[in-house]
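Colleague: This is the structure I have questions about; it appears just below.
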Amino acid sequence: MDRDEYLERLGATTDESADLFEHFEQRSFDGRTYHVLSDARHGLERGTVIVEDADAVVRGYPSIPRLLVLEPGVQSFFEDHETVVVEEKLDGFNVRLADIGEPLAFTRSGYVCPYTTARARKLLSLEAFFDEYPEQVLCAELIGPETPYTATDYEGVDTHDFRVFGVRDRESGDPLSVADRRAICETYDFNQPRLFGRAPPESAAELVRDTIAELDAAGREGVVMKSETGDAMVKYTTEAQHHGELAYAFSLPFDHGRDFVFSRLIREAFQAAEFDEDEDRLQARAHDLGESILVPMVEAIQDVDDGETIGHRHTVRGDVGSIDALFDHLHDQSMTLEIEADRREDGQRVVEFVKVAESSRDRITYYLEGGTRTE
């Protein structure tokens, strides 16, 4: 690989190729070798990929900052002349779909996911899209109750589906405008996140607040605010999402770090300070927050005490080859899996399995057996 050539193409902030490429990892998929930037470095996003045999670069997806306070946060983040577009933020599995001689689904960290690749090829008109836009990347969320990563119920999604939330240049990472992306996705019948409206920065916070109230009542995640050009993005999430993520973390209390928990508490505190206008509402929020922390942790302890497996439960369906490739992929990442059901439905293989939370299971067992904790 000509590292100096790729350094120039990537536009990294270092002039020394060795400084950049020492952070790339070599990986393979289906006999093909590719190189992945495992962490953001020198102005490049985590998950940036080089596929040398195709002479292709796939830029990583940029990290989206988060607002903790809508007023004056929205006006501070966006320029006065910009239009703010408000779209739903979906709770799913984020991938980039790129044509590297064949369509592949790259995860945020740069792995090729064989299962998501197979499902995208089946469910989306990728061949037609890439025939017309070979140098573009589809940024999409795999959503639904049956995925191997994030399982969430969405109306109208019985098993799983994709939502395309961005179209970007494969090598530069430059986005299409929101209007152009939405028009192109409609042409190819790609489903997209809900659009809640457009507003100037001075009134966008009110639009977001109304939208958040609607999404919170439905137990949804939140919104992404974007400039019409797609260059500027910031996210904001619901109370329901904060509580749901805390309940998820405390259901496996020794598998999620303090940073994960503290960040959710910070989001909740700033939202409460801005939204909760009376003491009764604040007390109700505090009660719900406490339940999301204590109840799932107690249930996890009881489950371990009863000899039950704790972990992340998933259901997946697809052809035999894609399911086998998925489990090979998960085993390669050193995951401990427990198959709970394996059956055939309508010509597809359906597997229910658990990603065993070994750390929480073992630590809870240790304490239940009389182990001590140093604090």
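Colleague: Only one residue in 19, 53, 4 is assigned to a helix (DSSP H, G or I), in contact with a helix residue (DSSP H, G or I) (Cβ under 7 Å, 6 or more places away or on another chain) and either in contact (Cβ under 8 Å) with a residue 12 or more places away in the chain or of a type in the set (Asp, Glu) (or both). Which one?
Modeller: Details: 19 fails: in contact with a helix residue (DSSP H, G or I) (Cβ under 7 Å, 6 or more places away or on another chain); 53 fails: in contact with a helix residue (DSSP H, G or I) (Cβ under 7 Å, 6 or more places away or on another chain).
Exactly one of 19, 53, 4 is assigned to a helix (DSSP H, G or I), in contact with a helix residue (DSSP H, G or I) (Cβ under 7 Å, 6 or more places away or on another chain) and either in contact (Cβ under 8 Å) with a residue 12 or more places away in the chain or of a type in the set (Asp, Glu) (or both), namely 4.
Colleague: Applying the selection to the stretch 216-238, what residues are surrounded by fewer than 22 Cβ atoms within 10 Å (Cβ to Cβ), hydrophobic (A, V, I, L, M, F, W, C) and touching a residue at least 60 places away in the same chain (Cβ under 8 Å)?
Modeller: If the condition is that a residue be surrounded by fewer than 22 Cβ atoms within 10 Å (Cβ to Cβ), hydrophobic (A, V, I, L, M, F, W, C) and touching a residue at least 60 places away in the same chain (Cβ under 8 Å), then 224, 232, 233, 234 are the ones that fit.
Colleague: For the stretch 114-129, which residues satisfy the criterion of being over 15 Å from residue 143 (Cα atoms) and either polar (S, T, N, Q) or in a loop (DSSP other than H, G, I, E, B) (or both)?
Modeller: 125
Colleague: Here is a further query. Output the number of the condition that residue 251 fails; it satisfies all remaining conditions of (1) free of Cβ contacts under 8 Å to residues at least 40 places away in the same chain; (2) of a type in the set (Gly, Ala, Ser); (3) crowded, with 19+ Cβ neighbours inside 10 Å.
Modeller: (1) is the only condition that residue 251 fails.
Colleague: Could you check the stretch 301-328 and list, in sequence order, the residues that are closer than 24 Å to residue 92 by Cα and among the small types (Gly, Ala, Ser)?
Modeller: The answer is 311, 318, 321, 322, 325.
Colleague: Could you tell me which numbered condition residue 313 fails, if it satisfies all but one of (1) crowded, with 18+ Cβ neighbours inside 10 Å; (2) closer than 30 Å to residue 30 by Cβ; (3) of a type outside the set (S, T, N, Q)?
Modeller: It is condition (1) that residue 313 fails.
Colleague: Next up: Looking only at strands (runs of 3 or more DSSP E) that lie completely in the stretch 286-358, which have at least 1 residues being more than 23 Å from the chain's Cα centre (by Cα) and over 20 Å from residue 158 (Cβ atoms)?
Modeller: By residue number, 337-345.
Colleague: I want to confirm something. Restricting to the stretch 229-276 and keeping residues that are among the polar types (S, T, N, Q) and part of a helix (DSSP H, G or I), which single residue is nearest to residue 151 (Cα to Cα)? Spell out how you get there, then give the answer.
Modeller: Residues of the stretch 229-276 among the polar types (S, T, N, Q): 229, 237-238, 241, 251, 263, 271.
Applying the additional criterion that residues be part of a helix (DSSP H, G or I) yields 241, 251, 263, 271.
Numbers: 241: 14, 251: 15, 263: 22, 271: 26 Å.
If we take residues in the stretch 229-276 being among the polar types (S, T, N, Q) and part of a helix (DSSP H, G or I), then 241 is nearest to residue 151 (Cα to Cα).
Colleague: Which one of these is surrounded by fewer than 14 Cβ atoms within 10 Å (Cβ to Cβ), touching a Phe, Trp or Tyr at 6+ places or on another chain (Cβ under 7 Å), hydrophobic (A, V, I, L, M, F, W, C) and in contact (Cβ under 8 Å) with a residue 24 or more places away in the chain: 128, 120?
Modeller: That would be 128, the only listed residue that is surrounded by fewer than 14 Cβ atoms within 10 Å (Cβ to Cβ), touching a Phe, Trp or Tyr at 6+ places or on another chain (Cβ under 7 Å), hydrophobic (A, V, I, L, M, F, W, C) and in contact (Cβ under 8 Å) with a residue 24 or more places away in the chain.
Colleague: On to the next question. Report yes if some residue within the stretch 71-88 is assigned by TED's automatic domain parsing to the domain that holds residue 200 and among the aromatic types (Phe, Trp, Tyr); otherwise report no.
Modeller: yes
Colleague: Which of the residues belonging to the stretch 111-159 are within 23 Å of residue 350 (Cβ to Cβ), in contact with a Lys or Arg (Cβ under 7 Å, 6 or more places away or on another chain) and not hydrophobic (A, V, I, L, M, F, W, C)?
Modeller: 141, 146, 159
Colleague: Assess whether residue 258 counts as being crowded, with 22+ Cβ neighbours inside 10 Å and out of contact with any strand residue (DSSP E or B) (no Cβ under 6 Å at 6 or more places or on another chain).
Modeller: When the stated conditions are applied, residue 258 does not pass them.
Colleague: Quick one: residue 47 ticks every box in (1) assigned to a loop (DSSP other than H, G, I, E, B); (2) out of contact with any helix residue (DSSP H, G or I) (no Cβ under 6 Å at 6 or more places or on another chain); (3) at negative phi bar one, so which box is it?
Modeller: Going through (1) assigned to a loop (DSSP other than H, G, I, E, B); (2) out of contact with any helix residue (DSSP H, G or I) (no Cβ under 6 Å at 6 or more places or on another chain); (3) at negative phi one by one, residue 47 breaks only (3).
Colleague: Could you tell me whether residue 74 is touching a residue at least 40 places away in the same chain (Cβ under 8 Å) and assigned to a strand (DSSP E or B)?
Modeller: no
The values are calculated or read from the model by the stated rules, or taken from the named source; none is laboratory data. Since this is a predicted model, take the numbers as computed values, not measurements. Methodologically, a virtual Cβ is constructed for each residue, glycine included, from the backbone with ideal geometry; neighbour enumeration extends over all protein chains shown.
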